[in-house]
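Novice: Mind looking over this structure? Questions follow.
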Amino acid sequence: MRSRAFGLLPGIALALAGCSAGGAQVEWSIPVGGMYGVHFADLGDVIIVPRGQAIEGYDTAGKKLWSVTLADEAQSCAAAGSGAMCVAGTQIFVDRDGQTVARSDLAFVGQAGDRAYYARGEEDGVVLIEEKADTPLDQLGASAQVLARYEGRTAYLPDGTKVERAGTTYPEPLQRLLDEGVLTVDSPWLNPAGIASVAQPLADGFVVVEAGQAGTRTEPSTLTLFDLAGNETARFQVTPVLYMNVSPSWTRATLEKIAQDAQALEESRAFVFDDARVVGFEQVLTDSVAPGYANVEALRIEGKTLSFDAIQPETLRLAALDYPYVSVAGTGSQTVVATFDLTTAKRVAEASCWLSDATYCATPTALEKVNLSGRS
């Protein structure tokens with residue numbers, strides 16, 4: 001499980017993820033609406049969500065357990081150790097019972113098994129520390145187990161040695177944290193190449209994705225690949241607009257295959273799934289004579305039509321989940337949300353869904369964790 005620490009190192013920002021089901025199996029549902037794109041913490045038995053100037057905790061039956069009022073607006077929450085870290089002007093750590101502690105000097109980095117990793121601010125820099133995941137709130141950040149130190153713009157091992165890559169391998173224990181998904185190759189703890197500040201991380205390098213445009217002004221999508229040293233290794237231009245979330249487990253070879261598969265399509269748009277599968281599609285407009293004034297009312301994919309209430313193009317949000325599921329959201333005469341099985345064109349959820357460590361869905365009235373296949 002990975003989340004990036006907020007506010008203590010340059011280039012580090014907090015990230016986490018966050019239905020009314022048709023064919024989907026709902027694992028839990030809480031009465032919190034409009035959670036589109038809002039980062040929350042799923043702790044298994046407790047869900048912690050940011051709600052304006054408050055943090056709220058719910059159980060999996062949908063019951064509100066507690067609410068904590070804050071001085072600033074809560075922007076996001078992420079699972080951290082045995083509780084969560086929320087961002088509200090500073091880092092607010094909260095446990096399952098709603099107890100909180102504000103820590104401007106501490107940020108969650110990631111977790112692997114029963115160990116959690118934090119960035120702790122000190123007078124002469126920032127240190128990366130390891131703690132037990134079940135460390136109580138009042139003891140967070142007290143660990144003496146320092147794995148690396150960040151001073152100025154450079155990361156060092158505890159003995160003062162600059163963190164440097166030997167081929168494709170980093171010094172321990174940082175390589176272990178990379179293998180476990182706690183860190184990615186763009187982490188400041190690895191002294192990455194400068195391109196890391198604008199690129200997305202891969203397993204063996206970086207990619208810069210420049211989104212294309214379809215319609216009256218067609219512009220190709222551009223994928224530029226870099227190795228770990230920051231050297232450009234390849235650049236691809238593909239005609240379809242790509243809807244994808246770049247996985248840090250992908251390699252440069254994965255992106256090359258995606259580019260080749262996308263360029264072979266006849267469609268003007270394409271979903272790219274987490275397994276790197278590429279599926280082309282077209283948007284269906286309400287007015288084909290005057291497309292510049294038309295709304296989008298369907299997607300045409302592999303000979304099937306995925307229909308929904310008309311959506312204004314500028315509000316349309318599309319997402320590829322685990323194949324074969326895709327999600328649609330936007331605004332027309334009202335909020336429109338739907339998730340489809342593209343192999344059958346059937347709706348599996350009347351909701352906007354997205355993929356994180358699990359699949360979550362949002363509606364105007366609820367936030368849910370689901371199994372879209374409907375199987376346990």
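The values are calculated or read from the model by the stated rules, or taken from the named source; none is laboratory data. Just so you know, these numbers come straight off a predicted model, no measurement behind them. Glycine gets a Cβ as well: all are built from the backbone with ideal geometry, and neighbour counts include every protein chain shown. These area figures cover heavy atoms from the full protein model, side chains too; ligands, DNA and RNA do not enter into them. Shrake-Rupley method; radii C 1.70, N 1.55, O 1.52, S 1.80 Å.
Yes/no matrix, rows are residues, columns are (1) touching a helix residue (DSSP H, G or I) at 6+ places or on another chain (Cβ under 6 Å); (2) hydrophobic (A, V, I, L, M, F, W, C):
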position: Val185; (1), (2): no, yes
position: Thr224; (1), (2): no, no
position: Gly230; (1), (2): yes, no
position: Pro240; (1), (2): yes, no
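Novice: Checking Pro50 against (1) farther than 27 Å from Val337 by Cα; (2) open to solvent by less than 20 Å² (accessible area, probe 1.4 Å); (3) out of contact with any Lys or Arg (no Cβ under 7 Å at 6 or more places or on another chain), only one condition comes out false. Which one?
Specialist: Condition not satisfied by Pro50: (1).
Novice: So which residues in the stretch 117-141 are within 27 Å of Asp72 (Cα to Cα), of a type in the set (Asp, Glu) and assigned to a strand (DSSP E or B), if there are any at all?
Specialist: Across the stretch 117-141, the qualifying residue is only Glu122.
Novice: Right, next: (1) among the aliphatic types (A, V, I, L, M); (2) within 14 Å of Leu190 (Cβ to Cβ); (3) at pLDDT 95 or above: which one isn't true of Ile92, the others all being true?
Specialist: So the condition that Ile92 fails would be (2).
Novice: Okay, next question. Could you pull out the residue among Ala79, Ala24, Ala71, Ala15 that is touching a Ser or Thr at 6+ places or on another chain (Cβ under 8 Å) and modelled with pLDDT of 90 or more?
Specialist: Going through Ala79, Ala24, Ala71, Ala15 in turn, the sole match is Ala79.
Novice: Could I ask something else about it? Which of the residues belonging to the stretch 20-75 are out of contact with any Leu (no Cβ under 9 Å at 6 or more places or on another chain) and polar (S, T, N, Q)?
Specialist: Ser20, Thr60, Ser67, Thr69
Novice: If I ask for residues that are within 16 Å of Ile129 (Cβ to Cβ), in a strand (DSSP E or B) and either open to solvent by 10 Å² or more (accessible area, probe 1.4 Å) or of a type in the set (A, V, I, L, M, F, W, C) (or both), which ones from the stretch 92-116 would you list?
Specialist: Phe93, Leu106, Ala107, Phe108, Val109, Gln111, Ala112, Arg115, Ala116, listed by residue number.
Novice: Checking Met85 against (1) assigned to a strand (DSSP E or B); (2) touching a Cys at 6+ places or on another chain (Cβ under 9 Å); (3) under 30 Å from Val336 (Cα atoms), only one condition comes out false. Which one?
Specialist: (3)
Novice: Do the conditions hold for Thr169, that is, is it open to solvent by 30 Å² or more (accessible area, probe 1.4 Å) and either among the β-branched types (Val, Ile, Thr) or modelled with pLDDT under 95 (or both)?
Specialist: It is true that Thr169 is open to solvent by 30 Å² or more (accessible area, probe 1.4 Å) and either among the β-branched types (Val, Ile, Thr) or modelled with pLDDT under 95 (or both).
Novice: Residues that are open to solvent by less than 10 Å² (accessible area, probe 1.4 Å), at pLDDT 95 or above, over 30 Å from Gly52 (Cβ atoms) and among the hydrophobic types (A, V, I, L, M, F, W, C): does the stretch 129-138 have at least one?
Specialist: There is at least one residue in the stretch 129-138 that is open to solvent by less than 10 Å² (accessible area, probe 1.4 Å), at pLDDT 95 or above, over 30 Å from Gly52 (Cβ atoms) and among the hydrophobic types (A, V, I, L, M, F, W, C).
Novice: While we're here: For the stretch 43-78, give me the residue count where each residue is among the polar types (S, T, N, Q) and outside any strand (DSSP E or B).
Specialist: Looking only at that region, the number is 3.
Novice: Could you pull out every one of the strands (runs of 3 or more DSSP E) wholly within the stretch 177-257 that has 1 or more residues that are among the β-branched types (Val, Ile, Thr), over 23 Å from the mean Cα position of the chain (by Cα) and over 27 Å from Val163 (Cβ atoms)?
Specialist: Correct list: 232-238.
Novice: Could you list, in sequence order, the residues of the stretch 279-319 that are under 23 Å from Tyr360 (Cβ atoms) and open to solvent by 20 Å² or more (accessible area, probe 1.4 Å)?
Specialist: Asp309, Thr315, Leu316, Arg317, Leu318, Ala319
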